[in-house]
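The values are calculated or read from the model by the stated rules, or taken from the named source; none is laboratory data. Computed from a predicted model, the values in this text were never measured in an experiment. A quick note on method: Cβ atoms are made from the backbone with ideal geometry, for glycine too, and the neighbour counts reach across all protein chains shown.
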Amino acid sequence: MGEIFRESDDSHLDMASGPEPPTEQSTLFPRASDVIYDMVCVGFGPASLAIGIALNDAIDPTLNGGHTDFAPKVRFLERQKQFAWHSGMLVPGSRMQISFIKDLATLREPRSSFTFLSYLNHKNRLIHFTNIGTFLPARVEFEDYMRWCASHFEHITHYGEEVEEIIPGPTSAEGGAVEYFTVVSKDTDTKEIKSLHARKVVIAVGGRAKMPPGIPVDPLIMHSSKYFTHLPKMLSDAMAPYRIAVVGGGQSAAEIFHDLHGRFPNSKTTLIFRDSALRPSDDSPFVNEIFNPEGVSKFYNMTSEERKKHITTEKATNYGVVRLELIEAIYHDIYMQRVENPDESQWQHRILPETEVVQMEREQEAARILVHTKSQNGPQCAAPLEFDAVVVATGYQRDSHEAMLEKVRDLQPAGISGWASDRSYRVSLDEAKVSPHAGIWLQGCNEQTHGLSDSLLSVLAVRGGEIVQSAFPNRYANADSDDSWVHASP
């Protein structure tokens, strides 16, 4: 189903139990900056956090049969100032769209101390959550769960560092193969350039806001990812009769449109989208099995044509669809307006289906935003619509790794132009040019080869373990292993 949240500043989040520091850190240890790290993760969102948890569990002697000789040198780099997950879309009352069992650990290792149930137990809410009788926690609670997990890794996480590029390190004297990579980052405050050396690099930077072409840069035209954090600052009078438009027909657009009714009770809101109607997401049990961890291998082993067909067929689980109960709530609101006044032009909240936005503009700083539209496959409307703010919910682009890896292109195998990843998410590089102990892994940008779950939360727990196994295949090796992390001291 639509797992937009199946995967900044969070000062707005004030959980009753508080985000107190953890009672103990993870079993990973901080290292000096001048060492060669065994792994550096670029980005510290849910994907990298799941890897950190899998590493921690691999070290935990109570989970790995008593082995204690696995001590990798690891660091996480994150552009934001603190851990945050979709902070701009923590709409009050919104719930998760996946079971809490699909947390960051349970499906890989139910005994892990990083499961959602462990979090609830730590917060003294386990029995109270049980009394709710749901598998779907509030979104704000699940975000707090992930922040609780992330707090265990603060000692090896550097926030406020934006990675700019990955540079191949010098080659070895004997074989001429690259032994490590240099990760170049910039401090977001001081602009200081920093660098780390790492044998393994994981790029998990998430998606960047996708805005339709031709949309001007304007503080009152914002992507849905900034809705909760940005819009209230721009429209500060909650009781003012604002005119607000939401562009998009998926879950985020519907949630925002519905939330605006209560957030700005005197405002006039308009939902604009191309489709003929809001369509429900398909979360039926058999269909939902495409998000099972084993579904990744099944999808990966398909031909290119089979993959394309499946993505098209399964689109209704995640893209441009809305949970049925939200559709019904919005329909009820629209219907009650129809009861009170049959003239749609006078309604406070309107929906414009089969409508395409062709242009936005604002002639003067104090003027309203003019939105030019046209009927789908029809003529452009004569008069533009006027709004005080526009929220654009048109998804994300997942191509940030392209620029980061520009200087690694010479290491690609002959005949390969794109960044192809194998089943374990490891980027295909020329084995003659790169040491087997060095490599790059991509997260969240492999939908075409690994399926619709690639950018979602559903498989993160298992995928984190898969990447640990791929990056450290001999993690329980004997003392004669040539991997530097074996028997490494804290």
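Some observations on this one:
- Candidates in the stretch 75-97 are the residues that are among the polar types (S, T, N, Q) and under 30 Å from Thr134 (Cα atoms); of these, the one that is nearest to the chain's Cα centre (by Cα) is Ser87.
- Here Asn124 does not fit the description of being over 20 Å from the mean Cα position of the chain (by Cα), assigned by TED's automatic domain parsing to the domain that holds Ala54, more than 30 Å from Asp38 (Cβ to Cβ) and part of a helix (DSSP H, G or I).
- Within the stretch 277-297, tally of residues that are over 23 Å from the mean Cα position of the chain (by Cα) and in a helix (DSSP H, G or I): 2
- The C-beta contact set for the stretch 295-313 (first residue in the same structural domain as Thr449 (by TED's automatic domain parsing), second residue outside any helix (DSSP H, G or I) and hydrophobic (A, V, I, L, M, F, W, C), distance under 7 angstrom, 6+ apart or interchain) is empty.
- Every condition in (1) under 22 Å from Ile467 (Cβ atoms); (2) in contact with an Asp or Glu (Cβ under 7 Å, 6 or more places away or on another chain); (3) crowded, with 20+ Cβ neighbours inside 10 Å is met by Leu104 except one, and the failing one is (2).
- Test for Ile330: is it crowded, with 18+ Cβ neighbours inside 10 Å, over 24 Å from the mean Cα position of the chain (by Cα) and modelled with pLDDT of 95 or more: yes
- For the stretch 176-217, a residue qualifies if it is more than 24 Å from Asp430 (Cα to Cα), out of contact with any strand residue (DSSP E or B) (no Cβ under 8 Å at 6 or more places or on another chain) and of a type outside the set (S, T, N, Q), and the qualifying residues are Asp189, Lys191, Pro213, Val217.
- All strands (runs of 3 or more DSSP E) inside the stretch 176-246 with 1 or more residues being in contact with a helix residue (DSSP H, G or I) (Cβ under 7 Å, 6 or more places away or on another chain) and of a type in the set (S, T, N, Q): none
- If only residues of the stretch 316-359 that are in a loop (DSSP other than H, G, I, E, B) and of a type in the set (Asp, Glu) are counted, the one that is farthest from Ser94 (Cα to Cα) is Asp343.
- Residues within the stretch 281-336 that are under 28 Å from Thr106 (Cα atoms) and of a type in the set (Val, Ile, Thr), tallied: 7
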